Each structure stands twice: as structure tokens, then as C-alpha cells.
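FYI, it's all coordinate maths here, none of it is from the lab. Here the structure is a predicted model, which is why all the values come from computation and not from measurement. Neighbour counts run over all protein chains shown; Cβ positions are idealised from the backbone, glycine included.
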Amino acid sequence: MSSVSTDSRAAVAAQLAEARAATFALLEPLSDDELARQWSPLQSPLVWDLAHIGHFEDAWIGQRVGGLSPVLEEGEELYDAFRHARDGRGGLPLLDPAAARDYLCRVRNRSLAVLGDESLGAEGDPLLEDGFVFGLVLQHERQHVETMLQTIALAGLLHPGGGPRPVPGSGDVLVQAGPVRLGADDAWAYDNERPLHERELAAFRIDATPVTNRDWVSFVGDGGYRRRELWSDEGWAWREADGAEAPLGWGDGTVRRFGRDEPLDPDEPVQHVCFHEAEAFARWSGARLPTEEEWEKAAKAGLLRGIGEVWEWTASPFVGYPGFRAFPYPEYSEVFFGDEYRVLRGGSWATHPSVARLSFRNWDFPIRRQIFAGLRLARDADPIASLLGPGDRRAALEADVREGLASSPKRLPPKWHYDEEGSRLFGAITQLPEYYLTRREREILEAHAADIAAASGADTLVELGAGTSEKTRLLLDALRAAGQLRRIVVLDVDEVTLRESVARLAAEYPAAEVKGVVGDLERHLAELPREGRRLVCFLGSSIGNFDVEHRPRFLRALRAAMAPGESFLLGVDLVKDPGRLVAAYDDAAGVTARFSLNLLSVLNDELGADFDLSTFEHVPRWDAGRELMDIRLRSREPQHVRIPALDLEVDFAEGEELHTEISAKFRRERIEAELREAGFEPRAWWTDEAGDFGLSLSAAV
Ligand code: SAH
Ligand code: TRP
């Protein structure tokens, strides 16, 4: 064994002896009956683990390296982990505890002889490189000590004590985007940690400390185990079947630990939760589980406290790293690859330090809770999710322009008003003396935000077509004052305005999680985050900008994206004196006209079109029959417009009108009927003092 020096032989022998002493000491106080019993279908009888440790050692050292025949003829049949499932091992003709101990001793004597045999390994057997096979056997035994401790804890057999210790501190840390070196090339690293390789990760946030019992008590108290929306389908199926209402072993303020009920320490990291519970908790927290890559990057950067108190569930399925090669046999890792298992990282209070290295990958079924596992939370660093990437936006604009300018009469969808400049102009509109809508809606919100917060019971506010969410702050303040506010989600097509708005909201509501979604409310409602009990707001009478056929479609799509009991707050401008209506869309200062014309600027800027804005005029009309403002752009002269990006040329006759927007005006009965039609139940209706504007609160039913 040229690759292992004499010094390291002595060190290896000492480590083997130490591990064995730990194994025997753990089981020493138990009776033969306790050792032989199958306590749970989840765990092997302890005496099986014991003899299995010997079998594994004999298979790799005595037989494979030493070339010897098995110490125990039926070792393979009884103790190979792949022959029998855990729940069937109690029925096998296992060695009794005394015989098992004796088996381990005989195997060990041969191992030590192999270790001392200077002639072995000269031919460069990779198994012997740096004593790999001894590391394999050692770590295997240490891991089984933890497995046996799980069995002892589950059976409540004796009280060796032990559990995770409180980890001081709180809060999360930002991990910047950039590379991480994943895995290990240490001599004794497992095949699944290899090869050491580099990966690029996006920026993320991760908690400095694991989730505590205190956190989990809040989750339970908030109905975490009853709220379907927090769970994945698979997770909910598990919860329903298991009936779980709290982590394994929890009583009323107590936790069962090795057969005794102890008071629950709120500061300890939570343990005995399965992956599904961890995932539901994360969703409830407005966070997510870290991927194993994120965990390893943060851990290697020294940013994580409390590593080694509980195994930490990650979001990652157990798969091979790029360039993975099974070594020394596929049964160690490779046969487990796939999405059936989830990776756990770190190590528990029961894990030996030789195993708890930062690259170590544990894996288990997502339903396992008898393991000493908890979690820590992670979040996306960028609070903006884009459902409308630059490519999508461009493709949608091109399609809309191509179709709209080819139709007769010509038309363009209103959402293209809103680039950065369009949003700025709209902000200016809301300040105009003629544009009463914003002020009236604000007046209603000032009077009733608290009622809305109470009636909705919401912890999450979702705003569609949010813009700068100015008025929405009245609702947010009311939710916060009621102690309800956890999460804010704002959706808009205009990414620039959305980003600024999200940054300001995050600063003003530091206790809430703020997310921005760049998206189209005609396409992306189903992709809105679903966490929490939501109050969806659609303000500013923007619903009036849908044409008559799109409005019911929008309401139905929204209803489909909501859970029963969630609330919908809708602001609508009411039918009134046409003089005031027209003035609101044709102000004296000409701001609305500029806003209207901005649509053509967007086409110029983004598609290279050559619209001459001075040759078009803003034409707002009241359509009394349809009860809507009909807004168009009229060409003052005959003209020819080129749109190079679309390879398109368009003619406008003198006086020809391009339909850009409608703004429907409402009556209470009609909008409530439309809401009912779509599956909402109107619950409250408010107007301002003057009766100009209406606010409807309804529930998804
Ligand atoms: N809610 C604000 C802003 C209304 S202006 C208020 O009440 O004052 C309309 C907003 O909706 C703009 O911010 C615009 O960018 C956005 N918007 C328009 N069409 C949209 C669409 N199809 N999808 C998503 N957002 C849209
Ligand atoms: N949702 C606003 C409304 O209908 C949008 C708007 C205000 C608008 N002024 C406009 C749209 C002028 C087009 C032109 O009142």
C-alpha cells in the first residue's frame, strides 16, 4: 500500500478504533430484545445495522482489497442493503447481538491485517489511493451510528440525550452573483461530491441561521398544516395521508425526545420535519428552500451559522455532478440519482465531524421525518420576476402592431402607451385638475382601507397594473396597522417604473416581502405568486380599458388564478356628465394628448418607425350608447409611415383615425353582474362623497 504512509496507517487504525468504540457504546445499554426488535417500518432493527457495519467493512477491505473469502457466508444475503427493504429486515434470520459483535471483531482483525500489509496497493489500486477504502468504511460506520440514533429516538428506547443547540443571531445575507466551486477533491470525498467543479449562480439571499421552533410554532398557529395553498400537490397528499399537524414528536408545548416529553425550546433549530413540511414552511414565509449549490456557496464563504445542528433540506433533487463517475460502485450514489430524493446538507448534532464536511451530500425521500433534519430559508435576491423578457416584449409588440395596423379601422392595444415616458405622463395625468379619478378613488380608500383590510383578512396584497402604487399605500398601511401585512406583489408591463416602485415599497414596508412581476395582465395572471391569503387590487378604472369582449375574459382568468375566499378590489369610474368625462381625457394643459401620442413614440423608439407626432391629434369622444370614452389618434394629413423593424409601410388618409384606447364607465349593477358572472361574490361597494367613482370588494367563490 505504497500510497498510505506508516504514519497514516496508525492514524487510520486509531480512527477505526474510535468509530467502533462509539458504535458499541451507543448500543451497550440496550437489551438483546431491544436490539433485535423492528421498532418501525422506517428503520432497520438495530442489530441489523450493527452486523451490516461489519458486512460492509468485510466486503470492501477483507474481500475486495485483501482478496479473502467472506467472514460470514450469509453476510451478503442478510446484510447487503439492497437485498431487503428496511421494514422486512426484522423478519430475517439475523445474527443475535452477541454474534453480531463477535462478527464485527473478527472482520476488524482482518481489516487491520490488510491495513498493515505493506505489499498491498503497489499496483496503484484507486481504492487504496490515500487509503480511500478505509475512509469509506469509517464514514459508513459513522453514518450508521447516526441512523441507529434515529431508531433509538424513534423508539424512545433510552435517553442518551442530545439535540440541536440554539444558534444565536438572525437575519439573512446577500450572496452576490458569481461562481462557486462545488464539491471536493479530498482523498476521502465520495463519488457524488466529485468532480470539484465551478458553477455560476445568480445572486440570492440566505438566512444566517436555521429555522427555529419558535418560527415553526407561528407556522402551526397560522394554520400552516391546514392551508392547502402552501403545499405542493405531492406534499399535500403526504400531509393528508399522514395527518401531520406539527413536526414529529411535538405535543402541547413539548417535544418527545428519546422517550421523554421535554419542554419545547423556542430557540432550538426545528428538527424532525420532512421536505414537504420544509417547503410549505418556506412558502408560508414568503421564501424558498436554498438549492444545494446556493447552500454550499454560502457555507464555503463562511456566511452560515449553525451548520451541524440539523441536516438542512434543500430544493435540489439528488443528481450527479457534470462529469460524475461512479466510484467505487454504482450502489453508493448513482442508483439513487433522480428526482425521487432531495439533498440535505450540513449535518446534524448526531453527525460525526468526519462526515459533516461542506461538500457532503446526504439524500433522502421527501417524506422522511425521523431524520434529524430542519431547514434554513433562502430568497431570490432580485425581487423582480420577468414574465415578459425583452424578447417576449418585442415579439408581442411586433405582433400587435402588425395585426393592429392591418385591420380596419386601424387600432393598437393600450398597454403600449406605457414605456418609462408613458408611465411618467400618466403620473402627470393623475395630478390634473380635470382628471378627478385618482383623487376620488383616493378619497374612498382613505375612508375604507381599514374596512377592506378587515373584510379581506389578507396577508398579501397583489396589485395589477400597479404603476407607482401611490394610492395602494393606504391599503398597505391599513394591512400593516392590522398586523396582517406579509407580502406585496405588484404587476406591471413597464419594467422601469416597476423596479423603482418595488425598491421604494421594500424600503417603506421593511417587514413585508416585496415582489415585482413584469408581465401582461391579459396573459400572466395564472403565474402570479400564490402564497398567502391575497387581496388582488385593480385600481384606477383600468378595467375600463379592456374592450367589452376582453373584460369578461379577464375577470374569468383572474378568478381562475385565485383561491376561494380570496378578495378582489376593483376601482371603476362611474357614468356621469359627459362634459366632465371628456374634460378628464382632454385636459387644458395637453398632458393627456401627449400621453396618447406617446404610443407612436414607443413605435418610433422600439421599432424604428417614422411617425411624425405633430401630424396626429388626440381625439377623445364620449360614446353615449356604449357608455365609454373612445380615444383615437387622427392623422391630420394623408401620409405614409415606415416601420423598418417589421418591414412594413402603412398609409393613413387625411382624417383617418387610429383606435388607441377605450375607457368604459360603469354603473354598480352592471359591474356587479359581470363580477358574479365570472365567479366573484360582491361583498361591499363604496363611492366617494360626490358619487363619481366606485370601489367594489368581492370574494372569489
Ligand atoms: N394602478 C395605477 C396605475 C394605472 S395606469 C393607478 O390606479 O393609478 C395603468 C397601469 O397599468 C400602468 O402602470 C401600465 O403600465 C399598466 N398596464 C397597462 N396595460 C397593462 C397590461 N396589459 N399588463 C400589465 N400592466 C399593464
Ligand atoms: N385607466 C386610465 C383611464 O381610463 C388610463 C388613462 C387615463 C388613459 N387617461 C388616458 C388612457 C388617456 C388613454 C388616454 O382613465
Subtract the Cα-Cα distance of residue 589 and residue 87 from 0.36 nm times their separation in residues, and report this length gain in nm to one decimal.
172.7 nm
Hey, quick one: spin label on residue 365, modelled 7 Å out along Cα-Cβ, who in the range 3-45 has an amide N within reach, i.e. under 20 Å?
38-45
Dipole check, the chain, charges on Cβ (K,R +1; D,E -1), about Cα centroid: among 478, 422, 323 the Cα furthest to the positive pole belongs to 478
Quick check: pseudo-label points 7 Å beyond the Cα along Cα→Cβ at residue 73 and residue 21, how many nm apart are they?
3.7 nm
How high is the relative contact order of the chain? Use alpha-carbon pairs under 8 Å, at least six apart in sequence, and give a whole percent.
10 percent
May I have the extent of the alpha carbons of the chain along their three principal axes, as whole Å values ordered from largest to smallest?
101, 56, 39
Counting only residues 5 or more apart in sequence or on a different chain, those whose built amide H sits under 5 Å from that of residue 315 are 291, 292
Gained length - residue 424 relative to residue 673, 0.36 nm times residue gap less alpha-carbon distance
86.2 nm
Taking the Cβ-Cβ separation of residue 237 and residue 563 as r and a Förster radius of 22 Å, what is the calculated FRET efficiency to the nearest 0.05?
0.75
Testing the spin-label approximation: label points 7 Å from Cα along Cα→Cβ at residue 523 and residue 301. State their distance in nm.
3.4 nm
Pairwise FRET efficiency - residue 386 versus residue 621, Cβ, R0 = 51 Å, nearest 0.05:
0.90
Could you check the simple spin-label distance between residue 450 and residue 198, using points 7 Å along Cα→Cβ, in nm with one decimal?
5.9 nm
As an exercise, use a Förster radius of 60 Å and the Cβ-Cβ distance of residue 33 and residue 648 to find the FRET efficiency, rounded to the nearest 0.05.
0.10
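Figure the gain on full extension for residue 119 and residue 105 (residue separation times 0.36 nm, minus the Cα-Cα span) and round it to one decimal in nm. Please list the in-between numbers first.
Values: separation 14, 0.36 × 14 = 5.04 nm, distance 2.36 nm.
Length difference between fully extended and current span is 2.7 nm.
For the peptides 90-103, 353-366, what is the packing order when you average, over each peptide's residues, the other Cβ atoms within 10 Å and list the highest mean first? Provide the component values of the computation, followed by the final result.
Details: 90-103: 16.7, 353-366: 18.6.
Peptide ranking by packing, descending: 353-366, 90-103.
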